[in-house]
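Report on one structure; see the data block that follows.
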Amino acid sequence: MDKILVHGGRRLRGNVKISGSKNSALPILAATLLTKEPCTISRATQAPYDIVRKMRASVCILGPLLGREHEATVSLPGGCVIGDRPIDLHLRGFEALGAAVKVSGGNVKVLAPKLTGATVSLRSTFGSTVLGTGNVMMAAVLADGTTVIDGAAEEPEVVDLANFLIAMGAKIEGAGTRTITIEGVKELHGAEHEVIPDRIEAGTFLVAGAISGDEVTLHRVNPEHLQAVISPLREAGFHIESNGNKISIAPGTKRRPLKLDTVPYPGFPTDMQAQMCALLANTDGISVVSEHVFPNRFMHIAELKRMGANIDLQGATAVITGVPQLSGAPVMASDLRASAALVLAGLQADGITEVNRVYHIDRGYDSIDEKLNELGAEIERVKA
Ligand code: EPZ
């Protein structure tokens, strides 16, 4: 397995182009199943089959296959290192549209001779479900009649999927709010679509700039999608300016600790929690980071502590006492964002940080090491 070596202490400066959103491209690629016609998706990195086969988000083919073929079978996603990844809300939505759900042999099969529009609630103790909202939307676009999704996820990736479906001829209103209304149509046609910029990749590079940047400018971003990341970084003492599809970050005079709570969009995103822990690990003072979406999403804490971080994990809350500097060490990548956090921590650590199992990072970042090196980092990729 490849690993990457991060040589700490290099200052970052310059420009980086943000790629298309992974979490938008995935359901949109699935949505192309809804039409027999060709679709062109740009700015998406095609997830190779051998990763999609293993990627739990492949659950999002259930909705379009149910919508078009009236049946679908997919392996249950099971859990992953950030916690249990249930799909009960997805299945509740399909049942409301008239599907029968059968779980056997680790697979879930959904079958609906006829799909009829209905009112579906996707509210959960964790807020809502992003892929569940997309899945139900994709099943409903070809159903007979009107579907109302109550308690829908409001993430920009849900809006992007809805816009792609509308371009294919679907009738959808309210995407980006808690209530989405879908008028079923007979069939969908091909469409062209450019996915939105990846707001989490953008947030990750803002944190890279905060950790070790003089001035870093991100291009091809949508600042509107990043407000919940920009405001805590400003509160932490960094200068951030946005202009059109560009955002720049530069150091301020004094860094301040933070209290952060991860919540569904438009709140502070769980996908940025690990990266912010890397920044707060050497921010003077005591920071408190609470995880309300994936309470177990703290695989990065033990690894940051191997680098000298002073973090006390109390249930779903990390209490971080900033230390002057982390020290480079061999660390283990575990999930996508924890791995990115370890690379970010290595940027300012003393010495070399060896991040193992780097395939976790490659699943969600388009050449993060190359992009950081273009900004002035010194990161080597070692083929195992
Ligand atoms: C999407 O996952 C993202 N992945 C995740 O990003 C992101 O962390 C998550 O949304 C939350 O923003 C993709 O879009 C491919 P959820 P998703 O269903 O849709 C519970 C990354 O790092 N839940 O919104 O699978 C669930 O356990 C990845 O890019 C149920 O209880 O997440 C969690 O606590 C990681 N029942 C909460 O809801 C369900 O049926 C949010 O999950 C579904 C979810």
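Here, the stretch 231-289 yields an orientationally averaged convex hull projection of 4.4 nm² when only Cα atoms define the hull. Against the empirical curve 2.2 N^0.38 Å, the C-alpha radius of gyration of the stretch 218-262 lands at a ratio of 1.18.
Measuring nothing but protein heavy atoms, the accessible surface of the stretch 22-194 at 1.4 Å probe radius is 54 percent carbon and sulfur. Once the chain from E173 to S121 is taken as fully extended at 0.36 nm per residue, the excess over their C-alpha distance is 17.1 nm. Placing +1 on the Cβ of every Lys and Arg and -1 on the Cβ of every Asp and Glu, with no other charges, gives the chain a dipole of roughly 400 debye about its Cα centre. Here the Karplus curve 6.51 cos²θ - 1.76 cosθ + 1.60, taken at θ = phi - 60°, turns the phi angles of the stretch 179-192 into couplings of 10, 10, 10, 10, 9, x, 10, 6, 8, 10, 10, x, 7, 10 Hz, with x standing for Gly and Pro.
Under the definition of Cα pairs under 8 Å and six or more residues apart, what whole-number percent is the relative contact order of the chain?
Numbers: 943 pairs, mean separation 83.9, N = 384.
This gives 22 percent for the chain.
Between the helical axis of 130-140 and the longest alpha-carbon principal axis of the chain there is an angle of about 20 degrees. A straight line joining the Cα centroids of the stretch 255-304 and the stretch 97-141 runs 31 Å.
Sort largest first and round to whole Å: the equivalent ellipsoid semi-axes of the chain, each the square root of five times a Cα gyration tensor eigenvalue. Provide the component values of the computation, followed by the final result.
Details: eigenvalues 285, 84, 75 Å².
Equivalent ellipsoid semi-axes, largest first: 38, 21, 19 Å.
With K and R counted +1 and D and E -1, the other residues having a Cβ less than 15 Å from that of L33 yield a net charge of -2.
Given R₀ = 30 Å, what would the calculated FRET efficiency be for D84 paired with K17, taking r from the Cβ atoms and rounding to 0.05? Numbers along the way, then the final one.
Numbers: r = 36 Å, r/R0 = 1.19.
According to the calculation, E is roughly 0.25.
Could you estimate the translational diffusion coefficient of the stretch 12-167 from the Stokes-Einstein equation, with Rh from the Kirkwood formula over C-alpha pairs, at 4 °C and 1.567 mPa s, in whole µm²/s? This corresponds to a translational diffusion coefficient of 81 µm²/s.
Around L188, what is the net charge, scoring Lys/Arg as +1 and Asp/Glu as -1 over all other residues with Cβ under 11 Å from its Cβ? Result for the local shell: +2. Subtracting the Cα-Cα distance of V185 and S231 from their residue separation scaled by 0.36 nm leaves 12.4 nm.
Summing -39500 (n - 2.57) over the DSSP H runs of n ≥ 4 in the chain and dividing by its residue number, what mean residue ellipticity at 222 nm do you reach, to the nearest 500 deg cm²/dmol?
Details: 13 runs with 117 residues, N = 384.
Helix contribution divided over all residues of the chain: -8500 deg cm²/dmol.
Computed about the Cα centre, the dipole magnitude for the stretch 22-194 is approximately 440 debye when only Lys and Arg (+1) and Asp and Glu (-1) carry charge, each at its Cβ.
Here the chain carries DSSP beta bridges of which approximately 70% are antiparallel, counting only pairs with both residues inside.
For the chain, the solvent-accessible area of protein heavy atoms averages 40 Å² per residue (probe radius 1.4 Å; ligands and nucleic acids excluded).
In percent, rounded to a whole number, the relative contact order of the stretch 55-151 is 33, using alpha-carbon pairs under 8 Å and six or more apart. Between the listed residues I82, S124, L66, the Cα displaced farthest toward the positive end of the dipole of the stretch 22-194, a dipole computed from Cβ unit charges relative to the Cα centre, is found at I82. In the elastic network of the chain, a GNM with C-alpha springs shorter than 10 Å, the most mobile of N243, N282, N15 is N243.
Count the DSSP beta bridges whose two residues both fall in the stretch 22-194, then state the antiparallel fraction as a percent rounded to the nearest 5. Please list the in-between numbers first.
Working: 21 of 29 bridges.
Roughly 70 percent of the beta bridges in the stretch 22-194 run antiparallel, per DSSP.
Distant-in-sequence amide contacts of N310, defined by a placed amide H-H separation under 5 Å and a gap of 5 or more residues or a different chain, comprise T321, V323. In terms of distances greater than 23 angstrom between alpha carbons, the cross-link table entries K254/K371; K36/K171; K259/K305; K3/K371 yield K254/K371. Report the one residue of V355, P223, V288 whose Cα lies farthest in the direction of the positive end of the charge dipole of the chain (charges on C-beta: Lys and Arg +1, Asp and Glu -1; origin at the Cα centre). Positive-most Cα among the choices belongs to V355.
The values are calculated or read from the model by the stated rules, or taken from the named source; none is laboratory data. Keep in mind the model is a prediction, meaning the values are calculated, not measured. Because the Cβ atoms are built from the backbone with ideal geometry, glycine has one as well, and the counts that use them run over all protein chains shown. Accessible surface areas use protein heavy atoms only, side chains included; no ligands, DNA or RNA. Shrake-Rupley method; radii C 1.70, N 1.55, O 1.52, S 1.80 Å.
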